[in-house]
Amino acid sequence: MKTFFATLSYTSVFILLLAGSSAPRLGNPANYNRFDLPFYAQDVNIVYDPAMVIAEPGALTNVSIRNAYRQVLRKPHRVLLNSLLEAKQRYELNDFLFYKLARTSVQVVYNNENRNAQEITLFGMLIDAGFDARLTFRGNQVFVNVYTTEDLFEVPIIDTGGRPYANLSCLDGACDGRQRLYIFDERPNPHGRSFGFQLRKWPALGVQPTVKSMRFNYHGVPQSMEVTFDRTMVDIMRDYPFIHEYCYLETPLSPTLRNSLLPQLRRYLEPLNERERVELLVSFTRSAFNYKEDNEYFGHSKPMVPEELFGYNFSDCEDRSALFFALVRDLLNLPMAVVAYDDHLTIAVGSEAIEGDGFVYNDQRYVFCDPTGPKDSSRIGQIPPGYENKKFQIIGTYK
């Protein structure tokens with residue numbers, strides 16, 4: 001899955017905002033307020049001008065929303081925006097985490113009051129940050145929507161002007177998607193860039209090292225290790241939007257987990273041949289974690305990035321596949337194909353030497369290496385039991 005991003009750096013955006021701002025929109029520095037905002041395990045220093053606050057728009061119409069947006073443009077909201085863009089760069093936040101930081105900051109500025117004024121202020125800052133955003137409304141609520149080229153699930157999407165927009169105001173699931181929404185008729189940045197959700201690297205936020213004892217069986221011989229992961233990464237993903245399955249597999253290990261887990265696994269792998277190395281990694285993902293379906297454990301679908309397997313007591317096939325994919329990529333650097341059945345996700349490893357059940361895709365031979373089960377088996381080269389005659393599709397590859 002390809003996502004296209006603008007080439008303008010956030011440093012450049014920050015400088016342009018400063019250079020292009022008129023004095024009234026930056027306000028008087030003597031009037032600025034500061035506060036330290038707890039953002040996961042990191043205190044982020046936020047600067048804003050209290051004069052940025054706008055009045056609640058009252059009964060929602062295109063006219064009342066337009067008047068409120070004009071207030072945003074006249075007031076010094078860019079003091080806060082520049083502070084947020086600086087934090088985005090310093091802590092290496094992706095677009096979604098930048099938005100979460102912005103939303104929480106705006107709530108503080110407004111003392112968690114005047115919800116619609118908050119939404120319209122957020123909309124104005126997203127526009128000035130370079131995104132294509134739209135406002136929608138119904139009843140007494142305004143919603144912020146952003147153009148995105150990424151696949152999202154269980155997130156309200158509107159399609160207007162040939163572009164899909166994700167409703168950021170409804171990510172908590174509290175909005176009733178069956179009710180009709182009205183689209184604010186002003187589109188200030190129609191050529192703005194796409195809003196990104198995928199975590200291509202972990203943010204540089206405060207670390208919460210957490211130790212977990214791991215046990216697994218390799219060809220019937222018990223193995224054990226102590227693994228340290230970063231609880232901050234688990235916290236970040238707790239209420240993260242449901243993105244495309246392949247994005248979870250592409251998410252890297254945190255530096256904390258990488259520096260703890262990979263050296264220990266390398267010592268196991270060093271004396272082994274290629275087949276035995278894949279067997280050891282598949283043994284780890286099969287037997288070091290307890291299995292339970294998402295709906296039974298969480299009450300809803302919950303795909304995990306690799307870090308989360310260490311933060312929860314149970315995981316399923318999608319989660320094991322994400323971890324196995326990361327381990328094979330980082331430790332063995334072998335080609336892989338992500339194999340999706342109707343109700344199961346698994347991995348096939350590219351190899352001409354490993355015998356067993358497999359297939360050819362784009363001139364590369366792949367052999368099935370199911371990361372989920374059988375639980376205490378180290379056997380690879382076998383179609384997942386029960387799926388021998390089922391159709392599958394390849395949703396992604398590595399190398």
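The values are calculated or read from the model by the stated rules, or taken from the named source; none is laboratory data. None of the values given here were measured: they were computed from a predicted structure. Neighbour counts run over all protein chains shown; Cβ positions are idealised from the backbone, glycine included.
General observations
- Looking only at segment 194-221, and only at residues there that are part of a loop (DSSP other than H, G, I, E, B) and among the small types (Gly, Ala, Ser), the one that is nearest to the chain's Cα centre (by Cα): GLY196
- Looking at THR121, THR104, THR149, just one residue is of a type in the set (Ser, Thr, Tyr), farther than 15 Å from LEU37 by Cα and not in a loop (DSSP other than H, G, I, E, B), and that residue is THR121.
- Residues that are assigned to a loop (DSSP other than H, G, I, E, B) and farther than 22 Å from TYR91 by Cβ do not occur anywhere in segment 40-48.
- Any hit, segment 145-156, residues being closer than 23 Å to ILE236 by Cα, hydrophobic (A, V, I, L, M, F, W, C) and surrounded by fewer than 17 Cβ atoms within 10 Å (Cβ to Cβ): yes
- Residue within segment 50-62 that is in contact with a strand residue (DSSP E or B) (Cβ under 9 Å, 6 or more places away or on another chain), in the same structural domain as ALA117 (by TED's automatic domain parsing) and charged (D, E, K, R) present: no
- Contacts under 6 angstrom Cβ, first residue in segment 68-81 being assigned by TED's automatic domain parsing to the domain that holds ILE54 and touching a residue at least 12 places away in the same chain (Cβ under 8 Å), partner charged (D, E, K, R) and surrounded by 21 or more Cβ atoms within 10 Å (Cβ to Cβ), 6 or more apart: PRO76/ASP49; VAL79/ASP49; LEU81/ASP128
- Out of ARG258, ARG267, sole residue that is out of contact with any Phe, Trp or Tyr (no Cβ under 8 Å at 6 or more places or on another chain) and crowded, with 16+ Cβ neighbours inside 10 Å: ARG258
- When each of LEU85, LEU93 is tested for being under 24 Å from the mean Cα position of the chain (by Cα), surrounded by 22 or more Cβ atoms within 10 Å (Cβ to Cβ) and within 18 Å of LEU168 (Cα to Cα), the lone residue that passes is LEU93.
- Residue list for segment 40-56, restricted to those being of a type in the set (D, E, K, R) and surrounded by fewer than 21 Cβ atoms within 10 Å (Cβ to Cβ): ASP43, GLU56
- Pair list, Cβ < 7 Å and 6+ apart or interchain, from segment 216-228 residues that are in contact (Cβ under 8 Å) with a residue 60 or more places away in the chain to residues that are among the aliphatic types (A, V, I, L, M): PHE216/ALA288; TYR218/LEU280; VAL227/MET214; VAL227/LEU261
- When the residues of segment 385-399 are filtered to those that are without any contact (Cβ under 8 Å) to a residue 60 or more places away in the chain and surrounded by fewer than 17 Cβ atoms within 10 Å (Cβ to Cβ), the one that is nearest to PHE325 (Cα to Cα) is ILE394.
- Where a residue in segment 368-384 is assigned by TED's automatic domain parsing to the domain that holds PHE216 and its partner, wherever it lies, is buried (at least 18 other Cβ atoms within 10 Å of the Cβ) and acidic (Asp, Glu), with Cβ under 6 Å and at least six apart: SER378/GLU279; ILE380/GLU279; PRO384/ASP370
- Selection status of GLU245, over 30 Å from SER169 (Cα atoms), among the acidic types (Asp, Glu) and either surrounded by fewer than 22 Cβ atoms within 10 Å (Cβ to Cβ) or outside the structural domain of VAL367 (by TED's automatic domain parsing) (or both): no
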